[in-house]
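Participant: Quick one: the structure is below, questions incoming.
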Amino acid sequence: MLTLKQIQENTEAVIAGLKIKNFDAEPYIKQILAKDEDRRNTQKEQDDLLSQINVISKQVGQLFKEGKTDEANEMKKKSAELGEKQKALGTKLDAIATELNDILVRLPNLPYKLVKPGKGAEDNEIVKLVDDTIPNLPADAKPHWELAKDYNLIDFELGVKITGAGFPVYKGMGAKLQRALISFFLDENTKAGFLEIEPPLMVNEASGYGTGQLPDKEGQMYHVGIDNLYLIPTAEVPVTNLYRDVIVSSKDLPIKNTAYSACFRREAGSYGKDVRGLNRLHQFDKVEIVCIEHPSRSYETLDKMVAHVESLVKKLGLPYRILRLCGGDMSFTSAMTYDFEVYSAAQKRWLEVSSVSNFETFQSNRLKLRFRDEETKKTQLAHTLNGSSLALPRIVAALLENNQTPEGIKVPECLQQFMGCSMLTK
RNA sequence: GGAGAGAUGGCAGAGCGGUUGAAUGCGGCGGUCUUGAAAACCGUUGACCUGAAAGGGUUCGGGGGUUCGAAUCCCUCUCUCUCCGCCA
């Protein structure tokens, strides 16, 4: 969430910024400023009372020691009265703080200066296009769900039987391809200086709030009611929460983590033509990168992360494009996002395979993730960034479709050492 | 799942109703000494809210209670450890 300081010091800029995200913040901002003023005044009042009570209490102790019982009892009475008032103020303060917080968490993150306004996906800006590897497939080229069946790589029906739609079963070389991609991505990431993490696949409520999935995306996550745990929708959640309530040393920045995890998404309300095969699933594999960076360098780091993800897509030999999302298509929490899409030649469409974002202090404010500034010696919120590197299903879809030949499906060179072959055959 | 013990600052570890925000040690930072370093010695060192500042307030796992006053007493939740059970 945005910090009160941001809102107080740059009120107009915040309102203007959120307009780019098509969010009319003005009425909320007014409420926030009013509530905050109320909060400060109430707290001052309460603090003064507490201060008086503290002074009296010390005197009571002293008077008892001196044997002045009558005087002490007199003071006790006075303090008890103040205590009543103080308690009432405390209750009021809690209520105000809750109201303030409820409004604050509903405000999306401010977009970065490079983000342009726009309504949705159609207004995203293509910053790079590499389409010279789009293959010339024959007219009878098959989509990946058919190839997966022909080559016995993925069984969607079996998944439906044992679990439900959106839970594919990978078999034989299909399963091995998953493992190959995960290994390849993790190896490349660790080579680039990311520390590998294997996180839990379930998180508690506090973690859900920390990265912002709760409360707004409650229905999107699988919930294990008996233990009140959530299946992670992305490794971003457990990995970023490693740093919840942590003050890191500024010399440790940037912190670079990578993690493979299965990801679980209920995707409530989405069905139909766009979700065939691997295009959208309830469970899928993904390798994630997470960075924690000094505010002055976070956009440099974002660029480096984008360059890194690009190197992966390049090595896989897939046609790709990089988009800078417009205000209307960006997520609630992001300040700037680059999406990677690969071209799926048989479906003749671009598929999103990665989303790399800078959240600035939006997550760290909730997480209380700070670092100590070397100069001022004060704690300051760090910037958090993350991206997929990469999500597997659509990569698999594109690889199968783009690399199909009459002889079989070609395995990209970078995966051959993991697959033990250069061609998938029937 | 059953029985018991515990949770205090970056870490270790005292305190068990009244100048205790918290002894002591380690670590960190600054200094003296040294050509430099180590050692030794001296000083300093939690976080948060509020305030221009001085100051005030909160915080000893979380929440609630008793009291004029709680790290200290009571209730509750969470977590950790030991033993038993179960088990990859």
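The values are calculated or read from the model by the stated rules, or taken from the named source; none is laboratory data. Predicted model, so just to flag it, every value in this text is computed and none were measured. Virtual Cβ from ideal backbone geometry, glycine too; neighbours counted across all protein chains shown.
Participant: Checking A:L82 against (1) among the hydrophobic types (A, V, I, L, M, F, W, C); (2) under 30 Å from A:S298 (Cβ atoms); (3) in a helix (DSSP H, G or I): exactly one of these is not met. Which one?
Facilitator: (2)
Participant: Of these, A:E188, A:E196, A:E236, which one is surrounded by 15 or more Cβ atoms within 10 Å (Cβ to Cβ), among the charged types (D, E, K, R), in contact (Cβ under 8 Å) with a residue 12 or more places away in the chain and over 18 Å from A:H282 (Cα atoms)?
Facilitator: A:E188 is the lone residue from the list that is surrounded by 15 or more Cβ atoms within 10 Å (Cβ to Cβ), among the charged types (D, E, K, R), in contact (Cβ under 8 Å) with a residue 12 or more places away in the chain and over 18 Å from A:H282 (Cα atoms).
Participant: Does A:V275 satisfy the criteria of being within 27 Å of A:D123 (Cβ to Cβ) and modelled with pLDDT under 90?
Facilitator: The answer is yes for A:V275.
Participant: Right, something else. Which members of the stretch A:343-390 meet the condition of being among the β-branched types (V, I, T), assigned to a strand (DSSP E or B) and out of contact with any helix residue (DSSP H, G or I) (no Cβ under 6 Å at 6 or more places or on another chain)?
Facilitator: A:T379
Participant: Regarding A:L50, is this residue aliphatic (A, V, I, L, M) and either away from RNA strand B (no atom under 12 Å from the Cβ) or over 30 Å from A:F332 (Cβ atoms) (or both)?
Facilitator: Criteria met by A:L50.
Participant: With (1) in a helix (DSSP H, G or I); (2) at pLDDT below 90; (3) out of contact with any helix residue (DSSP H, G or I) (no Cβ under 8 Å at 6 or more places or on another chain); (4) of a type outside the set (F, W, Y) as the list, and A:S207 as the residue in question, which single condition is left unmet?
Facilitator: For A:S207, the exception is condition (3).
Participant: Would you call A:K58 more than 17 Å from A:D38 (Cα to Cα), near RNA strand B (Cβ under 9 Å from one of its atoms) and either at pLDDT below 90 or of a type in the set (F, W, Y) (or both)?
Facilitator: When the stated conditions are applied, A:K58 passes them.
Participant: Shifting gears a bit: Being over 22 Å from A:D94 (Cβ atoms) and hydrophobic (A, V, I, L, M, F, W, C) is the filter here; which residues of the stretch A:20-41 pass it?
Facilitator: A:I20, A:F23, A:A25, A:I29
Participant: Could you check, for the stretch A:149-156, whether at least one of its residues is aromatic (F, W, Y) and either on the phi > 0 side of the Ramachandran plot or part of a loop (DSSP other than H, G, I, E, B) (or both)?
Facilitator: Yes.
Participant: Looking at A:N41, A:N22, A:N109, which one is without any contact (Cβ under 8 Å) to a residue 12 or more places away in the chain and among the polar types (S, T, N, Q)?
Facilitator: A:N41
Participant: Checking the structure you have, find out if any residue of the stretch A:368-385 is aromatic (F, W, Y), crowded, with 23+ Cβ neighbours inside 10 Å and closer than 15 Å to A:Y112 by Cβ.
Facilitator: No, there is no match, as no residue in the stretch A:368-385 is aromatic (F, W, Y), crowded, with 23+ Cβ neighbours inside 10 Å and closer than 15 Å to A:Y112 by Cβ.
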